[in-house]
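Student: Following this message is one structure expressed as structure tokens.
Rule-based calculations on the coordinates, nothing more; no lab input. Just so it is clear, the model here is predicted, and its values are computed rather than measured. Cβ placement follows ideal geometry from the backbone for every residue including glycine, while neighbour counts extend to all protein chains displayed.
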Amino acid sequence: MTSLGGVEMVDWNLAAATATRLVKPGPEVSREEARAAVAELRRHAAASEEHVRGFTRMAPDEAADTPVLVVDRPGWIRANVAGFRELLSPLLDKVQARRGNGPGGAMLGVVGGKVTGVEVGMLLSFMASRVLGQYETFAPPGRDLPGAPGQGGGRLLLVAPNIVHVERELDVDPHDFRLWVCLHEETHRTQFSAVPWLRDHVESEIHAFLGETDVDPSMLLERLREAVQSMAGGGRPWSDGGEGGTGGTGGTGDEEGRSLVELVQTPAQREVLGRITAVMSLLEGHADYVMDGVGPQVVPTVAEIREKFQKRRAAGAGRLDQALRRLLGLDAKLRQYRDGERFVRAVVEEVGMDGFNRVWTSPNTLPTKAEIARPADWIARVHRKAD
């Protein structure tokens, strides 16, 4: 990354150290229970490959195979610090240059990198206790975090303590729940390993979004600071007592209730963000559709798990959790699961799985944001044109 006097815009090492220090260790388990959970997740991850590939009819390139890593919360933090550092470099280079041209730029670089590192670390500590699994796409491979050669370091992460925590909280069969989670995450792994152009396309869209960002460095730092203050219970409230956990902002015209992404948007970014939203809705909805589609054959209690999990996903853990989800854009992610799953289900019902799989032909066959909401429009565009 471009730095000023050797000082980065974000002190990533400090971010990782802060997040690791603040994150809770997870549920209490014995050494034997922990080893058994890790071993079972590995078995389920391996079994999920055949289930997902058979159901989706997608054939990943074996040469592009990516590793499966069962990690704890600090392991998830290290992987995501590496991913953010790689992915955000265009934006931070731009902000760094603007800061360097201003008065006191060098001193701001030293102080700001430390401050921002702590704040990013606090946000990562919040997220690290909530993520069950993740296909980590962008971080380069390293000694502690291996990745597929030639795939930008792609790897599947399963966060064992979080999975155990949620299965206990929901009071569901742990063996079924672990396999159910693995089916979702394996679907993401299959998407990226079976569609060679997908990773580069998503990365180019994110870089286009970041490249259009026109934000003053102090504003960007202030957004992070507001997020941390909300997490600590201080600062300006981001929701009022009358809003539900996944409700909108109420159309007041001010900035309350908006996510960090929305707060830094420029007009040019909105078009790019629409495309990113569409592809992420497709990927998340497809994974939800597959995990429930495969479920009845291999997860006997899938209906119970889905019902309880949906209630938990919608409710959040309380007002503070809801405020952070809204600020960080996680409510938008919940809508991506819902809207994307509806799109996939509608298309498969109309044209079958092979007809749906035309979506992976090229970036031009990906649905638009409008088509996610109106699957018939995508069918008409892609299938009529191809036929």
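Student: Only counting other Cβ atoms within 10 Å, I'd like Ser89, Ser193, Ser125, Ser362 sorted with the fewest neighbours first. Each step should come with its number before you reach the end.
Tutor: Numbers: Ser89 17, Ser193 25, Ser125 21, Ser362 11.
Going from least to most buried by this count: Ser362, Ser89, Ser125, Ser193.
Student: So for each of 335-344, 46-55 I average, over its residues, the number of other beta carbons within 10 Å; can you give me the resulting order with the highest mean first?
Tutor: Top to bottom by mean Cβ count within 10 Å: 335-344, 46-55.
Student: Quick one: what Rg and Dmax do you get for region 342-387 from the alpha carbons, in Å?
Tutor: 9.2, 24
Student: Here is a further query. For a quick protection proxy, order the peptides 22-35, 158-171 by their average other-Cβ count within 10 Å, most packed first.
Tutor: Details: 22-35: 13.0, 158-171: 20.0.
Those peptides, ordered most packed to least, come out 158-171, 22-35.
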